[in-house]
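The values are calculated or read from the model by the stated rules, or taken from the named source; none is laboratory data. Bear in mind the structure is a predicted one, so any value in this text is a computation, not a measurement. Here the Cβ positions follow ideal geometry from the backbone for every residue, glycine too, while neighbour counts run over all protein chains shown.
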């Protein structure tokens, strides 16, 4: 069932077209990654969906609300959230709950629930100015959830965090997606591959690729053998480009990536070739291309 449908969404700033004729849909109960390099139009798209910017053209329909204001059904965490440092976590959430139309009693109940659920209940009485980056991000997600939205939108939720904070937020998103539809933007492809069900990939404001992660893997994933050595393998890499089992070869200094049609057959041939030529290899890895590899192909077009 479609929760959100976007048709021909466009946003221009003077002569610059930031988002260009973008169309996609989000299924209820799915976690969706909006992927793109910096400047691709991710933030502008989310701001239009959240009502912070008016589109130049196009339309957005939300569930049964085909016309009118649907913002009450959306929870939004911007890329750079701003907090009131003199408030404590509990006060901030109650304040945001009341701004969202909840009574003070309901807002207090929800604030307690969310502080506990997001793992910052012990910091509920501490001033937000003393929170770590990961704690502030958790508090930001809590404020986006305070009014029980149908869609949670997160703009680059882990980009400014250290590795520990990033891992905490990714694990939290895995829990949240069990009960909430999520749309989050990122340029960190590994994160998207880890937590999302579907992908919307945009490039220079235009839709490049969309589909489920499993579908994209089935259509685009390739077997690749990565070989590193103590010597430059460039000349040798060029000599195997015409093998029947090889699709393409990428060589950089002492490392060669060999994209193959049949991993087992290619592995056998390559190991025999390495032994015959006595190449000084240091590693031999059989793998598959990732979402990041597909993204780099799209960006490079």
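If you scan region 1-24, which residues turn out to be surrounded by fewer than 16 Cβ atoms within 10 Å (Cβ to Cβ) and in contact with a strand residue (DSSP E or B) (Cβ under 8 Å, 6 or more places away or on another chain)? Within region 1-24, 1, 2, 5, 7, 8, 12, 21, 23 meet the criteria. Each residue in region 254-278 was checked for being in contact with a strand residue (DSSP E or B) (Cβ under 8 Å, 6 or more places away or on another chain) and surrounded by 16 or more Cβ atoms within 10 Å (Cβ to Cβ), and 12 of them qualify. Being in the same structural domain as residue 173 (by TED's automatic domain parsing) and under 22 Å from residue 150 (Cβ atoms) is a property that does not hold for residue 39.
Please indicate, with yes or no, whether at least one residue in region 173-181 is under 30 Å from residue 12 (Cα atoms) and touching a residue at least 12 places away in the same chain (Cβ under 8 Å). Looking through region 173-181, at least one residue is under 30 Å from residue 12 (Cα atoms) and touching a residue at least 12 places away in the same chain (Cβ under 8 Å).
If a residue counts only when it is in contact with a strand residue (DSSP E or B) (Cβ under 9 Å, 6 or more places away or on another chain), which helices (runs of 4 or more DSSP H) contained entirely in region 86-164 have at least 1 such residues? Those helices (runs of 4 or more DSSP H) span 89-99, 133-145.
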